[in-house]
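Here's the structure, in C-alpha cells; my notes come after.
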Amino acid sequence: GAPRKAARRGPPILGKRAWQVGLSGVVCATVLSYLRRSAAPRLFALHVAAMAPMLPLATASVSTVRQRLTRPPAGLPAAARRRRNEWYVIRHFVASAAAFYLAIAGLVGIVCQKEALGRPHLRTLHAWCGAAAWVLWGAAYLAAQPQVWRDQWRQRRFSLLSNKRWI
C-alpha cells in the first residue's frame, strides 16, 4: 500500500503566524537587554521588565484566537476537533493571563515609582495610552464573558472546574 503520513499530535504551537510572535519576542529581548545594562531605578525597571513581555504574549494570544477560527483539517474526527479547540482555548488563556499578571506588576511598579518621587500620575501621552489600553483590555475581558460562560448559563449550573473555557 501507499506509505502513510505520520499522525500529528495536537495543533502546531505557533502555526503560520510564528513570525509575528518571533518579531515581538525580539523587540522584548532588545528592551530587556537594554534595561539590564541601564541604571534605571528599581521600580521603574520593574515596570519596563513586566510590560515588555506583554508584546509577545499578547501577540501569541491573538494569533491563537486567529488559528482557532481557521477550519480544522478535513476529515478530523469530532473528538480531535474538540481537543484542538480546547488546546487553543487553554493556550489563549495562558498567554493572556501571563500578560495580565505581568501588566499588574508593571502598573504597581510605576505607580509606586511615581508615589516615591512625588510626581503626579497620567501626565504624559505614554501614561494616557497605557490607561486606555487597560480600559480596552477590561472591556474585551467583559465582552468575552458571555462566550466563556455560555453553556453553563444555559444549563443553570456554574462551576469553575467543569468550565474549560476559562482555564
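The values are calculated or read from the model by the stated rules, or taken from the named source; none is laboratory data. This one's a predicted model, so the numbers in the text were calculated from it and none came from an experiment. Methodologically, a virtual Cβ is constructed for each residue, glycine included, from the backbone with ideal geometry; neighbour enumeration extends over all protein chains shown. Protein only, heavy atoms only, side chains kept; ligands, DNA and RNA dropped before computing areas. Shrake-Rupley method; radii C 1.70, N 1.55, O 1.52, S 1.80 Å.
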- Message: Quick test for you: out of Q113, Q145, Q67, pick the one residue that is over 24 Å from G25 (Cβ atoms), of a type outside the set (K, R), in contact with a helix residue (DSSP H, G or I) (Cβ under 6 Å, 6 or more places away or on another chain) and open to solvent by less than 80 Å² (accessible area, probe 1.4 Å).
- Response: Q113
- Could you tell me whether R36 is open to solvent by 50 Å² or more (accessible area, probe 1.4 Å), at pLDDT 85 or above, of a type in the set (K, R) and over 18 Å from the mean Cα position of the chain (by Cα)? yes
- Task: Exactly one condition in (1) open to solvent by less than 50 Å² (accessible area, probe 1.4 Å); (2) aliphatic (A, V, I, L, M); (3) more than 26 Å from V27 (Cβ to Cβ) is not met by V48; state its number.
- Result: (3)
- Item | Residue in segment 65-79 that is in contact with a Lys or Arg (Cβ under 6 Å, 6 or more places away or on another chain) and outside any helix (DSSP H, G or I) present | yes
- Message: Show the residue pairs meeting these rules: Cβ distance below 8 Å; 6+ apart or different chains; first residue within segment 75-98 and open to solvent by 50 Å² or more (accessible area, probe 1.4 Å); second residue small (G, A, S) and at pLDDT 85 or above.
- Response: H92/S61
- Query: Somewhere in segment 99-109, is a residue more than 24 Å from G25 (Cα to Cα) and either polar (S, T, N, Q) or open to solvent by 90 Å² or more (accessible area, probe 1.4 Å) (or both)?
  - Reply: no
